Amino acid sequence: MANQAGGANELLSAQKSSDSGLQINLHPLPILEISDFITRGYQRNFKGAVVGGLLGQQNGREITIEHSFSIKSVKKEGDGGIYELDQEWFRQRLDQMKLVHKSPQLDLVGWYALVPKSGPTTIHLPIHHQISAVNESAVLLGFHLEDMLSPVAGDPLPITIYESNMEAEGEDKEMKDSENPTNMVLRFRKLPYATETGEAEMIGMQFIREGGANASGDDAQAETKNIAEQFEQKIAVTDGKGKRRAVMTSGSVTKNPVSPGQGKGKQKDEPSSSPPQAEPPSPDANLTRSESEYMAALQAKFNAIKMLKSRIALIITYLQRLPPAFTEGKQTTQEASDAARASGGQYTIPSNNILRHIQSLVANIDLVTPAEQAALRKEMLQETNDVKLISLISDLLTSVSEVKEAGKKFSILESSKQGRGQRAGGAFAGPGDKNIDYDFTGSLIPAANSQEFGGASDAHYNLSD
């Protein structure tokens, strides 16, 4: 290892960074991509080197780092587990990224990797040599993982940018004897950098910053848990001015209509027969900040899916309306164009440029497909089962509540019937019938102290007859 315990890093240059004159302008998108790569790799138990390329522009001694992309690495067997780039995969991915970022044209300006605070080590040299074969002045953006695991408020970004240059080995760098040239070694030198943000990046960073600030509160977890429950009681309505707001479904705020002439002319001095109405609350009074951001995120996703659906439908319609002979390969593009013009708008005029774009889009679908389809399907199945289980539990609770209400009503009816039966028994036993008792089974029986059974007062009545 180049960084020996208790000693200085041998791969770091002793020269000052001001001697090179390089100016680095770092954009926030590469930082977000690197942190996202590290987070996803940790969650998916990624086993490999966290390395990627940096895209930007180089104008003289000024370098801008605007975008980044991950690179596939291969572990060499027999060299102590040193990683190298998959050259074929790297070349193809670099060509794709250059094709995407061609206005303005971006090129490979460096690469990034996880680097300790002490600086690069010998395990970084093989990949750096491969990157230098594409760009001799490539820089290295070192991401310090230890600063991410134990962040401290007020610390700078956990990154350091290095440039590489060849220096003479040893303290005496002057070549005193031309026949014995000094051995040249590769060394890294720290570079100062400045952050530069565009308008679109500022909007994205502002959204991320507000989301992180809300998630850092003490009651953020409880508030997030109750968002879904609160939204079940709210609906989005339109106020007629193109704006949408959420109101409670349990009640609504109404306004008394005002006549067109009210408040003008003589009617202003006339006393009002109705008392003044209190001003309604603000339309957004029921929404918290987290709810507003949640609604905005859902609306953005809905708009994106809606636009994607319309674009896919447009592509399908375009392909369906092509001349049948052209789709079967029996006509050239020129012949199909003439046939489409002669059809009077029945068929669309084929365009090789549009067809190439559609073919490229279809070919790149695999790039956005997750690598682990089985794990994705399992996760989606689990989430679907959770949603259905919650729905079944909700239906069960509703049924239990309905049964409980039915039981209450049945109990009230039974109590009412018993009360009417008691009142009916008291009506048969008049004031002179002292020797008659009422039995709850529905019979009137003589009293136990009665001596005779032949009199009217000793009669036996059965209400069931």
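For the range 347-362, filtering for residues that are free of Cβ contacts under 8 Å to residues at least 24 places away in the same chain and part of a loop (DSSP other than H, G, I, E, B) leaves 2.
Residues considered: 71, 82, 38. Of these, the only one that is of a type in the set (Val, Ile, Thr) and in contact with a strand residue (DSSP E or B) (Cβ under 7 Å, 6 or more places away or on another chain) is 71.
Give the residues of the range 120-133 that are assigned to a helix (DSSP H, G or I) and out of contact with any Ser or Thr (no Cβ under 8 Å at 6 or more places or on another chain), sorted by residue number. Break it down into steps so the answer makes sense when it comes.
Restricting attention to the range 120-133, the residues satisfying the condition of being assigned to a helix (DSSP H, G or I) are 122-133.
The answer is 122, 123, 124, 125, 126, 129, 130, 131, 133.
When you scan the range 134-158, how many residues do you find that are in a helix (DSSP H, G or I) and open to solvent by less than 80 Å² (accessible area, probe 1.4 Å)? Here the count works out to 5.
Taking the criterion of being over 30 Å from the mean Cα position of the chain (by Cα) and open to solvent by 40 Å² or more (accessible area, probe 1.4 Å), the residues of the range 95-119 that qualify are 105, 107, 116, 117, 118. The C-beta contact set for the range 363-380 (first residue closer than 14 Å to residue 43 by Cβ, second residue at pLDDT 80 or above and in a helix (DSSP H, G or I), distance under 9 angstrom, 6+ apart or interchain) comprises 370/376.
Within the range 91-119, how many residues turn out to be in a helix (DSSP H, G or I) and in contact with a helix residue (DSSP H, G or I) (Cβ under 8 Å, 6 or more places away or on another chain)?
Result for the range 91-119: 1.
Residues considered: 406, 424. Of these, the only one that is modelled with pLDDT under 90 and either loosely packed, with under 10 Cβ neighbours inside 10 Å or over 30 Å from residue 93 (Cβ atoms) (or both) is 424. Within the range 340-361, track down each residue that is out of contact with any helix residue (DSSP H, G or I) (no Cβ under 7 Å at 6 or more places or on another chain) and farther than 21 Å from residue 96 by Cβ. If the condition is that a residue be out of contact with any helix residue (DSSP H, G or I) (no Cβ under 7 Å at 6 or more places or on another chain) and farther than 21 Å from residue 96 by Cβ, then 340, 341, 342, 343, 344, 345, 346, 351 are the ones that fit.
The values are calculated or read from the model by the stated rules, or taken from the named source; none is laboratory data. In this text, all values refer to a predicted model and were calculated from it rather than measured experimentally. Quick reminder, even Gly has a Cβ in these numbers, built from the backbone with ideal geometry, and neighbours come from all protein chains shown. Remember, those area values only see protein heavy atoms, side chains included, never the ligands or the DNA or RNA. Shrake-Rupley method; radii C 1.70, N 1.55, O 1.52, S 1.80 Å.
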